[in-house]
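Encoded as structure tokens, the structure appears first; notes follow it.
The values are calculated or read from the model by the stated rules, or taken from the named source; none is laboratory data. Keep in mind that this is a model prediction, so the values were computed, not measured. Cβ sites come from the backbone with ideal geometry, for glycine too, and all protein chains shown count toward neighbours. These accessible areas exclude ligands, DNA and RNA; they are computed on the full protein's heavy atoms, side chains included. Shrake-Rupley method; radii C 1.70, N 1.55, O 1.52, S 1.80 Å.
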Amino acid sequence: MYERVLLTLDTSEVAERAIDHAVAITKAFNACLCIISVVEVHDRDEEDDATVMRDWEGEVSNTEEYLQGVQTALAAQGIDAQLEIRRGDVAEEVLIFADKCDADMIIMATHGRANLGRWVYGSVADAVLRGADCPVLVIRVEEEPDEQD
């Protein structure tokens, strides 16, 4: 049923909460796991191209290091994960890559917020849910209340 599972990660603790779900589904269906992380393009209004490129390259380097750590941890669990880093609009790049890699499922985490009894998802999760050609498993992560000092 699921041959290729696509997990979205952005180096945040919220996104990491989806890893265990991806592992369980990957193992249950003996699927291939692809992991994508998208480095967003920031406004360049007051920055020159060299500064933007340097900042982007630093973010990509940090993301590569993070994903390699995740890949190593997954390998210890017997999962060979393929990594992809892209630049651009997060939802758009996730959808493009999901199509390119023929994903049968997309797994992602999001902050869940209660709003008059309805769950409201982040704009990236919403855009992926609306645009995906495959099932999307959205892991709702409770926000931790601020600790009092």
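Regarding V124, is this residue modelled with pLDDT under 90, assigned to a loop (DSSP other than H, G, I, E, B) and either within 26 Å of M1 (Cα to Cα) or of a type in the set (A, V, I, L, M) (or both)? Spelling it out, it is not the case that V124 is modelled with pLDDT under 90, assigned to a loop (DSSP other than H, G, I, E, B) and either within 26 Å of M1 (Cα to Cα) or of a type in the set (A, V, I, L, M) (or both). Here R4 passes the criteria (1) modelled with pLDDT under 85; (2) surrounded by 13 or more Cβ atoms within 10 Å (Cβ to Cβ) except the one numbered (1). If you go through the range 67-115 and pick out every residue that is assigned to a loop (DSSP other than H, G, I, E, B), of a type in the set (S, T, N, Q) and in contact with a strand residue (DSSP E or B) (Cβ under 8 Å, 6 or more places away or on another chain), you end up with 0. The single condition among (1) open to solvent by 40 Å² or more (accessible area, probe 1.4 Å); (2) at pLDDT 90 or above; (3) assigned to a helix (DSSP H, G or I); (4) over 18 Å from H21 (Cβ atoms) that S61 does not meet is (2). Cβ-Cβ contacts under 8 Å between residues 6 or more apart (or on different chains), taken from a first residue in the range 12-28 that is closer than 17 Å to V136 by Cα to a second residue that is among the aromatic types (F, W, Y) and not in a helix (DSSP H, G or I), are listed as I25/Y2.
Listed here are the residues, each with its yes/no results for (1) of a type in the set (A, V, I, L, M); (2) modelled with pLDDT under 90; (3) closer than 17 Å to V136 by Cα; (4) open to solvent by 90 Å² or more (accessible area, probe 1.4 Å).
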residue: D55; (1), (2), (3), (4): no, yes, no, no
residue: A81; (1), (2), (3), (4): yes, no, no, no
residue: K100; (1), (2), (3), (4): no, no, yes, yes
residue: D104; (1), (2), (3), (4): no, no, yes, no
residue: H111; (1), (2), (3), (4): no, yes, yes, no
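Against the definition (modelled with pLDDT under 95, within 16 Å of I35 (Cα to Cα) and either open to solvent by 60 Å² or more (accessible area, probe 1.4 Å) or not basic (K, R) (or both)), how does N115 come out, yes or no? Taking the combined requirement at face value, the residue does not satisfy it.
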